[in-house]
1. Please work out the average accessible area per residue across segment 341-425, using the 1.4 Å probe convention, and give it in Å².
2. Accessible area of segment 317-460 with a 1.4 Å probe: how many percent of it is carbon plus sulfur?
3. Taking θ as phi - 60°, what are the ³J(HN,Hα) couplings along segment 93-104 by the Karplus curve (6.51, -1.76, 1.60), each to the nearest whole Hz, with x for Gly and Pro?
4. Sticking with the crude label model, points 7 Å out along Cα→Cβ, report the distance from THR132 to ASP192 in nm, one decimal please.
5. Applying 1/(1 + (r/R0)^6) with R0 = 30 Å to the Cβ-Cβ distance of GLU163 and ALA88, what FRET efficiency is obtained, to the nearest 0.05?
6. ASP264 versus ARG298, label points 7 Å from Cα toward the beta carbon: distance in nm?
7. In sequence order, what are the phi-derived ³J(HN,Hα) couplings for segment 342-347 according to the Karplus relation 6.51 cos²θ - 1.76 cosθ + 1.60 with θ = phi - 60°, rounded to whole Hz, with x for glycine and proline?
8. Enumerate the calculated ³J(HN,Hα) couplings along segment 438-447 in order (Karplus 6.51 cos²θ - 1.76 cosθ + 1.60, θ = phi - 60°), each rounded to whole Hz, writing x wherever the residue is Gly or Pro.
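The values are calculated or read from the model by the stated rules, or taken from the named source; none is laboratory data. If you're wondering where the values come from, they're calculated on a predicted model, not measured in any experiment. Glycine also receives a Cβ, built like all others from the backbone with ideal geometry; neighbour counts cover every protein chain displayed. Accessible surface areas use protein heavy atoms only, side chains included; no ligands, DNA or RNA. Shrake-Rupley method; radii C 1.70, N 1.55, O 1.52, S 1.80 Å.
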Amino acid sequence: MTASPTSIRRPRHVKIRPAGILFAAVAIVAVTYGATWLAGRPGAAVPGPAQNRDQALVAPGALVDSAGAADVADIDAQIKIWGPKAAADARDDISAGNLAVLYLGRGRLTGDAADYERALRAADRAVAAYPTSTGTRALKATVLQATHDFTGALSLAEAILGEEPRNVDALAVAGDARLELGRLTEAGATYDRIAAILPGPALDAREARLAWLIGDADKALGLATKARDGADMSTSSDPSFYEAQLGEMARLTGHTALARTAFDAALAIRPSNQLALLGEARLDAFAGDDAAAIAELRTAAAIAPRPETLGLLSDLLAATGDVTGASNAANTIHVIEQLGGTSAKLFDRQILGFDLDHRGASRAVLDRAVAAAQIRPDAAGLDVVAWAAFRLGDLATARSESARALASGSVDARILYHAGAIGIAGGDLEAGRALVRRALDLGPALDPRDRHDAEALVRP
């Protein structure tokens, strides 16, 4: 007789192998969560959580975006299976965990913030059903991370690590949260702990981003290349993620040809890869092919209307004379902002940046930027505060916050451009123009609107 999912509780040291047909969106993400939530056929036996298992680490961006390996219709079908199961039995952590993963995957694909909220509720139910499991709690920590509650995710991950110091899933959440909170030295130390347990492409991808954030562009590009080379179709949860990350790292560091090759490769594997679609659009815009860029942005926005995509689309449509289209794209960003809640939380910086460059600065915008940076004081957050203050004419605050943003060693073209503009406005023409030229030298790392304004600052 087949045991029901909720009746299975295996000893802590039993290694579990998946049974049944694995559903991509669950199987890809589940390996990150410390619990073996592997969805099989309806009615098939599903293994229960196992704290000590064969561990696998998934790269942060591949974590849920890799659900693109399955389409939304597939995810919807699986939600119809696991939703009733979870609702029928409050003790069923397996079904609740599957449901959380599915909602999170669909949210990544569609940009629907309500799915992130549903994922968190499902993760809460999984924890309530099996509160002693580090697996259910690691799942919740990952959902918190995805909803940008980095402080909450870190707190929960640290609690798990107090029980299991070598829990790779909790270490990954802790390292990623520290990185997003601007605690870069701590993030590096956490990644070192992972390296001693489970080195590989997913860790290389994390360390590539860390290297870029501290200003080591060559190391960042090398690690992103290593991650891509170490991942393949047979072993990686989502090889397109690694190609897209390499493309983005190449774009950010000014290596246009490599960026194009990597983005093309990512889209050949998975045509819906959001990072690659946006990256290709940016390369085309830099090359002056606005028509191609607009087409790619429309494709990306139809999949998931994210403010970053809509903002660039609005700029390019305006530049090509499509005033109505530009206005529609901008208005969609404003709708996302007005919705508040999880939507605004997920895209707060993108929305703030768009507001500052398109709607003008206000004290309210500066206050929002300051409040966000107090929670998440990384270089990008500090730069938003600096730019808001600059737009308001508060050069003292702008200089102070810009200096803090640069202190990490950032080579982010937008941060360099902003710092240069602030320096020039404050009378330090030589140093300011040098920073702006550094930003311009990074080619497609600056979007067209910023590039236009930056070029004006260094024009003789």
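1. On the way: 3210 Å² over 85 residues.
Dividing the accessible area of segment 341-425 by its residue count gives 38 Å².
2. With neighbouring chains kept in place, the figure for segment 317-460 is 54 percent.
3. 3J(HN,Hα) across segment 93-104, in whole Hz: 5, 4, 5, 4, x, 4, 5, 4, 5, 5, 4, 5.
4. 3.6 nm
5. Working: r = 30 Å, r/R0 = 1.01.
Computed FRET efficiency for GLU163 and ALA88 comes out at 0.50.
6. 2.3 nm
7. Values per residue, Gly and Pro as x: 5, 4, 5, 5, 5, 10 Hz.
8. 4, 5, 5, 5, 8, x, x, 5, 9, 6
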